[in-house]
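The values are calculated or read from the model by the stated rules, or taken from the named source; none is laboratory data. This one's a predicted model, so the numbers in the text were calculated from it and none came from an experiment. Cβ atoms come from the backbone with ideal geometry, glycine included; neighbour counts cover every protein chain shown. Accessible surface is based on the protein model in full, side chains and every heavy atom, while ligands, DNA and RNA are left aside. Shrake-Rupley method; radii C 1.70, N 1.55, O 1.52, S 1.80 Å.
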Amino acid sequence: MSGSTFTVTPLAAAPSPGANGAIPPTPPNQARVVAAAPTTATAPTLPSADLRDEAQYVRETLAALGRLLGAAITPTPRNLDGFVAQHLKIAPGRATVISSSLPGLDFNLVAVRVARLLEQVRAATLADDTGTASPGFELVWTDVDEQVAAPNDLAAHIPADEPAGFGFDAVLVMTWRSGARMIGLHARREDADRARVALAALLDRARTRDNFYRGKSWQVSVDGRALQLTPMARTTRARAELVHTAEVWSELDANLLGLARHGELLVSAGLGAARGILIVGPPGVGKTALCRVIASELPAGTTVLTVDSHIDASGLAALYEALPPIAPVAVFLDDLDLLAGDRRVGTSSPLLREFLTHLDGFTPPAPVITVATTNVAKTIDPALIRPGRFDSVIEIGPPSQPSRAEILRRYLAPIGDLDVEPVAAATDGATGADLREIVRRAVLEFGAELTSERLAQVASSLRWKAKVPIGQYL
């Protein structure tokens, strides 16, 4: 399986405890949640009064009560090694660990797959990744109206006799290690090969059959070191709602429809299926609205990602590295000049290098289209605007007089059939946003009594044109 590396290592000493002592969410099934485990190879028969198999917050509560009564609770070792040894019935340090890193979107995909697995494994015993406290869960969005409580700090013993388990005794661990999110299967050494196959199958299913990101719309941001995807309702903007030249639509069709129809052929021929479209134009000409039309016309099954403008270089790198499993993908970036800049004038950022890397084909080949907007093309580094990166540049200027008349008619259609030609002729250079403001001001001032003459009066007043104040103010 591409993108995954597995390592087989002896069980190392557990990291320092990371539990915060807070009461965790209810686990996804009736599995036992334990507080600590003995470090002996086999668990002795314990009296019912022993508390080592209770949740940490239960132990802390009873310990406080015990102190009030003059009693004491003997602490048990806090060690993942002991938890694994107890449940696998082996000596400490004798387990084999099959592990894999979980970059990009993998962690959430795998965490949700593990949550589904734990729902089916009724006899699982759960702890945190130190084997000493309650596991940690967080809510993961899987759709616009659906969240799943998925583990992010877990050690789970899954018995061999569980029908939904792996067929052998295993302890599944999800944790952070050296700044990276990891998953590992701890098993007896004779089960190492089975553990390797089982972990590969779990990861493959999370990325393919159970991949809940694919084919939906998401807002992308970065929270700390991790990508955060928040579901969005799919846009339904139609091109008939916009007024653009035939050249604009023709260029979009050549890139979008061509990629949808022949993307697989490009990949198989080694030509790469990544495309970049840069939409250039002053504010108000409809760049964002055009992006919404593009998103609504993408083929079914395309994943749509709208990137937050505050994303950093590491977040952008993680995003593009995560794209192949959710392809075909369309990535939308507003105000590219704020993200990348131009090295010639000292406005470039570390994001520029990430663009040059990922748009240049170093990302694993997949049908990916990047659509970016900017107000001024001169502010974009020339290295971005060439074939293989932003292959197509679509420039949108202020509408012509016939287009201005058509835009005004569309805005005024619910109000009445007014003569818009005088206003269209007198507003040279006005954008679609300007024309909308003219209509809004006219309606605010005259309401249902709006006439063609009054509309022209509002347009000639120029009050709809915002101006920066000049002067000194306290």
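Of all the listed residues (Ile438, Ile394), the sole one being open to solvent by less than 60 Å² (accessible area, probe 1.4 Å), of a type outside the set (D, E, K, R), touching a residue at least 12 places away in the same chain (Cβ under 8 Å) and closer than 22 Å to Val248 by Cα is Ile394.
Every condition in (1) basic (Lys, Arg); (2) at pLDDT below 90; (3) open to solvent by less than 30 Å² (accessible area, probe 1.4 Å) is met by Arg113 except one, and the failing one is (2). Being open to solvent by 50 Å² or more (accessible area, probe 1.4 Å) and not in a loop (DSSP other than H, G, I, E, B) is true of Val267. Could you tell me whether Leu154 is in contact with a strand residue (DSSP E or B) (Cβ under 6 Å, 6 or more places away or on another chain), under 14 Å from Phe107 (Cα atoms) and open to solvent by less than 20 Å² (accessible area, probe 1.4 Å)? So Leu154 passes the test.
Going by the conditions given, is Ala192 open to solvent by less than 20 Å² (accessible area, probe 1.4 Å) and either modelled with pLDDT under 95 or part of a helix (DSSP H, G or I) (or both)? Here the answer is yes, as Ala192 does meet what is asked. Gly301 meets all of the listed conditions (1) over 21 Å from Ile385 (Cα atoms); (2) open to solvent by 10 Å² or more (accessible area, probe 1.4 Å); (3) in contact with a strand residue (DSSP E or B) (Cβ under 8 Å, 6 or more places away or on another chain) but one, namely (3).
With respect to being touching a helix residue (DSSP H, G or I) at 6+ places or on another chain (Cβ under 7 Å), open to solvent by 10 Å² or more (accessible area, probe 1.4 Å) and modelled with pLDDT under 85, Ala317 fits the description.
Cβ-Cβ distances below 7 Å connect the following pairs, each with a first residue in the stretch 406-421 that is among the acidic types (Asp, Glu), a second residue that is assigned to a helix (DSSP H, G or I), and a separation of six or more residues or different chains: Asp419/Ser452; Glu421/Ala405. Is at least one residue of the stretch 420-430 small (Gly, Ala, Ser), open to solvent by less than 50 Å² (accessible area, probe 1.4 Å), out of contact with any Leu (no Cβ under 9 Å at 6 or more places or on another chain) and not in a loop (DSSP other than H, G, I, E, B)? No: the stretch 420-430 contains no residue that is small (Gly, Ala, Ser), open to solvent by less than 50 Å² (accessible area, probe 1.4 Å), out of contact with any Leu (no Cβ under 9 Å at 6 or more places or on another chain) and not in a loop (DSSP other than H, G, I, E, B). Against the definition (touching a helix residue (DSSP H, G or I) at 6+ places or on another chain (Cβ under 9 Å), open to solvent by 60 Å² or more (accessible area, probe 1.4 Å), in contact (Cβ under 8 Å) with a residue 40 or more places away in the chain and within 26 Å of Ala383 (Cα to Cα)), how does Arg239 come out, yes or no? Answer is no for this residue.
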